[in-house]
Every structure is written in C-alpha cells, then in structure tokens.
Amino acid sequence: MFDYDTLRVIWWALIGVLLIGFAIMDGFDFGVAALLRVLGRDPHERSVLLETIEPTWEGNQVWFILGGGAVFAAWPLLYAASFSGLYVAMFVLLVAFIIRPVGFNFREKVDDARWQLVWDSCLIASGVIVMLVCGVAFGNLFLGLPFHYDGDLRMTWDGSFFQLFRPFALLSGLVSLSMLLAHGACWAAMKADHVIAARAAKVARIASLAYVVLFALAGVWLAYGIPGFAISGPIPANGVSNPLGKHVVIGGTWFAGYATHPAFWAAPALALIGALGVQAFVGRRGFAGFFSSSLAVAGTILSAGFALFPFLMPSATFPVSSLTVWDASSSRGTLWLMLGVTMVFIPLILLYTGWVYRVMRGRVTLEHVRKSHNMY
C-alpha cells in the first residue's frame with residue numbers, strides 16, 4: 001500500500017507521536033516530583049502530591065519504552081549513533097529514571113524527617129535531570145553533533161559529555177524544564193487537595209510565563225544565530241539506508257521548511273495558545289488547565305520536529321554523515337511489520353490508559369492521606 005519513502009515519513013511521524021506521548025504522560029510525573037518541596041509544605045502535603053502520581057507513573061513510562069524500542073527497530077543507525085556517542089548522557093538519564101522508583105518506595109519506610117528529606121531530594125533531582133537533559137539533547141540536534149562515518153559505515157564520535165552543554169543547548173534545557181514544571185503544576189492543581197492546588201496554580205502561571213519567554217528567545221536565536229542544515233542535490237528517498245549517499249550544506253535557516261509549508265506555523269502557535277490556556281484556566285477549570293499545558297508540550301515538540309525535518313541527527317563535524325529520514329531507517333519489510341504491530345498495540349495502550357485514569361479520577365485530599373497514614 002505504501003512505498004518505502006512514505007513508510008519512512010510515517011515512522012518519523014510515529015516517533016513524534018511516541019515522544020509527545022512520553023512528554024505529556026510522564027512529563028507531569030517529573031514536574032510534580034521536581035516541585036515536591038515547593039508545593040508540599042509538610043509531610044502530609046508531600047504525600048498528597050506523590051499519591052497523585054504514584055498509581056500511574058509506571059504505566060506512563062510505557063511511552064518511553066515504546067519510543068526507545070521504536071527507534072531501535074525503525075531507525076537502527078540513529079539508535080546506534082545516539083546510544084553509543086551519547087553514552088554518558090544516556091547513563092545519567094537512566095540513573096535519574098532508576099532513582100525515581102527507589103525514592104517512591106523508600107521514603108515512607110522510615111518515619112524520620114531527615115530520611116524523607118534524602119529521598120525527596122532524590123525525587124526532585126530525578127525530575128530536574130530528566131527534564132533538563134532531554135531539552136539539552138534537543139538543542140544539540142540543532143547545533144549538530146560531533147560524529148562521522150567512514151566508507152564502511154563505522155561511526156566515530158569526536159566529542160565529550162561536557163561539550164553537550166553549549167549555550168543554546170542549555171537554553172533548550174531551560175525551555176524543557178519550565179514547560180514541564182508548568183505541566184506538573186497543572187496536574188497538581190487538578191488532582192491535589194484544594195490547599196495545594198491553589199499553590200500549584202500560582203507556580204503553573206509563573207512557570208508557563210517563563211516558558212513563553214524562553215521558547216520565544218530560543219526561536220529567535222535559532223532563526224538568526226544558528227545556521228540550518230539542508231540536503232543539496234537529489235534525495236535518495238526510496239534507496240537503501242546509507243548516510244553517505246547525499247550532499248549536505250550548512251548556512252541556511254532551520255525555518256526553511258516553515259517557508260515551504262506554512263502549515264508548520266500551527267505548531268508554535270499551538271504551543272503559545274497552550275501557555276495562554278494555562279494562564280486562563282489553571283486553578284479555575286482543572287482539566288482545561290492540564291489540557292492547555294499538554295497542548296504546549298505537543299506544540300513545542302512539533303515545532304522542533306518540523307524545523308529539523310528531514311534530519312534526525314545532524315553531524316556538525318562531517319555534515320554528509322548526518323542521519324535523515326531517508327537514509328537511517330530499517331528495511332521496507334521491517335517498517336511494514338512494525339507498522340502492523342503498532343496499529344494493534346497503540347489503541348490497546350490508549351484504551352487501558354483511559355480506563356486507568358477513569359478509575360483514578362478525582363482529587364487526593366489531605367483528609368484521605370491522614371486517614372490512610374500516608375500509605376497509598
């Protein structure tokens with residue numbers, strides 16, 4: 001039904017869907033964890049906040065696992081280059097992921113303020129690290145990463161972990177951090193006791209305002225201060241995957257695709273409308289506030305994805321080695337097989353996720369936590 005180049009674009013879009021699903025569903029978990037000591041003023045309030053995310057965070061992480069699996073199977077060159085070249089960054093990210101469940105399970109084991117402070121600090125660190133590192137990774141994609149292939153497609157990485165923290169990449173990290181802090185605060189405003197919800201609404205408005213400023217600043221910097229990548233000459237869209245089979249030039253703008261496809265501007269507009277929705281609805285209409293922050297998350301990721309297309313992982317040191325949608329995928333048969341599997345399992349995940357959230361609907365109150373002795 002679909003030819004090879006169409007399948008490649010479909011899988012580029014599916015990776016985007018999985019990434020947005022991860023950022024929305026797991027993003028508020030990390031946001032709430034990072035704000036644990038800001039929104040929760042005593043042990044009972046902090047228990048309320050954790051109880052809003054503890055029953056569902058493991059299910060939300062399915063989107064992260066699906067995304068990693070999809071990159072492994074659909075974009076093997078991208079998987080190999082990113083996981084080997086960015087090994088230390090990936091290790092830090094995984095440590096942050098591992099700390100979170102340990103913190104959930106251990107902080108209630110001992111009724112001691114210092115013990116709980118230690119594990120609260122772990123939860124806060126895990127939230128901040130994941131949000132910041134993911135944003136820094138996106139920023140580095142626009143700057144290009146230091147890798148190249150030789151004639152036998154053996155990849156060489158020429159950079160180090162600390163070289164990833166360049167000014168624009170750090171700004172991207174702050175965009176991610178402010179966006180997901182606002183998202184987590186919107187969740188707390190919708191799910192936590194009214195005393196905490198009022199506090200969360202104020203934090204959500206401040207964080208979303210900071211997000212708008214940082215997002216706009218990143219857009220201006222990207223438009224006028226960072227040269228874009230472009231493929232010159234014929235594009236082997238239906239050929240075998242070989243990153244060295246194209247020519248790449250640097251010097252244009254990352255917004256060239258927006259000029260060719262004006263509909264792309266809907267993505268940053270969606271992000272800003274979502275941020276405005278947070279200002280208007282959070283604390284007044286619980287779900288509308290959370291839905292607005294979800295729109296901001298989706299709009300931000302779509303904005304970056306449209307700007308990068310067709311590049312998946314640009315190379316700053318040897319641009320022709322850049323990985324694109326047209327030269328980093330698995331075979332047509334593999335993409336077909338995975339598409340069939342995805343069409344079966346994504347609806348199932350959406351169904352059981354919807355059912356879980358329906359069962360867990362309603363606020364977690366301070367009265368409930370006190371009666372249950374902080375046990376969930």
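For segment 226-355, the Kirkwood hydrodynamic radius from C-alpha pairs, put into Stokes-Einstein at 37 °C and a viscosity of 0.692 mPa s, yields a diffusion coefficient of 188 µm² per second. Within segment 2-120, all pairs of alpha-carbon atoms sorted by distance into 10 Å bins from zero give the percentages 12, 35, 28, 17, 7, 2, 0. Length gained on full extension, Ile65 to Trp355, computed as 0.36 nm times the residue gap minus the Cα-Cα distance: 102.4 nm. With n ≥ 4 as the cut-off for DSSP H runs, can you work out [θ] at 222 nm for the chain, using -39500 (n - 2.57) per run divided by the number of residues, rounded to the nearest 500? Value at 222 nm, helices only: -23000 deg cm²/dmol.
Helix 286-308 and the longest principal axis of the C-alpha atoms of the chain enclose an angle of approximately 20°.
Relative contact order for segment 8-155: what is it in percent, counting Cα pairs under 8 Å that are at least 6 residues apart?
Computed over segment 8-155, the figure is 29 percent.
The residues of segment 97-187 expose, per residue, 44 Å² of accessible area to a 1.4 Å probe. Entry note, segment 93-201: relative contact order of 23 percent, from Cα contacts under 8 Å with a spacing of 6+ residues. Charged neighbours of His148, selected by a Cβ distance under 10 Å, balance to -1 (K, R count +1; D, E count -1). For the chain, what does the relative contact order come out to in percent, with C-alpha contacts under 8 Å and a separation of six or more? Result for the chain is 23 percent. In the context of the full set of protein chains, segment 245-376 has a per residue accessible area of 52 Å² (1.4 Å probe). 3J(HN,Hα) along segment 73-85, derived from phi through the Karplus expression 6.51 cos²θ - 1.76 cosθ + 1.60 where θ = phi - 60°, amounts to 8, 8, 10, x, 5, 5, 4, 5, 5, 6, 6, 8, x Hz, with x in place of Gly and Pro. In sequence order, segment 86-99 has phi-based couplings of 9, 4, 5, 4, 5, 5, 4, 4, 5, 4, 4, 5, 6, 4 Hz under the Karplus curve 6.51 cos²θ - 1.76 cosθ + 1.60, θ = phi - 60°, and Gly or Pro positions carry x. Computed from Cα atoms, the angle from the helix 194-225 axis to the main principal axis of the chain rounds to 20 degrees. Packing order of peptides 129-140, 259-270, highest average first: 129-140, 259-270 (average count of other Cβ atoms within 10 Å over each peptide's residues). Amide H contacts under 5 Å for Phe147: Asp158, Ala316, Thr317, Phe318, restricted to partners 5 or more places along the chain or on a different chain, H placed in the peptide plane at 1.01 Å from N. Of the solvent-accessible surface of the chain, computed with a 1.4 Å probe over protein heavy atoms with every protein chain present, carbon and sulfur atoms account for 72 percent. Listed by chain and number, the aspartates and glutamates placed with their C-alpha closer than 13 angstrom to that of Lys191 are Asp29, Glu45, Glu51, Glu54; residues fewer than eight positions away on the same chain are left out. The alpha-carbon atoms of the chain, seen along their principal axes, cover 67, 41, 39 angstrom, with the largest extent given first. Pairwise Cα separations in segment 163-297 fall into 10 Å bins from 0 onward with the following percentages, short to long: 12, 31, 26, 19, 10, 3, 0.
Given charges of +1 on the Cβ of Lys and Arg and -1 on the Cβ of Asp and Glu, with all other atoms neutral, how large is the dipole of the chain about its Cα centre, in debye to the nearest 20? Let's see the in-between values first.
Values: 23 positive and 19 negative charges, 188 e Å.
Here the chain has a charge dipole of around 900 debye.
Solvent exposure of segment 190-229, expressed per residue, is 47 Å² of accessible area, with all protein chains present and a 1.4 angstrom probe. Of all lysines in the structure, those lying under 21 Å Cα to Cα from Lys109, and not within fewer than 8 positions of it along the same chain, are Lys371.
The values are calculated or read from the model by the stated rules, or taken from the named source; none is laboratory data. The shown structure was predicted, so the numbers you read here are calculated from the model rather than taken from an experiment. Methodologically, a virtual Cβ is constructed for each residue, glycine included, from the backbone with ideal geometry; neighbour enumeration extends over all protein chains shown. Just the protein is used for accessible areas: all its heavy atoms, side chains included, with ligands, DNA and RNA removed. Shrake-Rupley method; radii C 1.70, N 1.55, O 1.52, S 1.80 Å.
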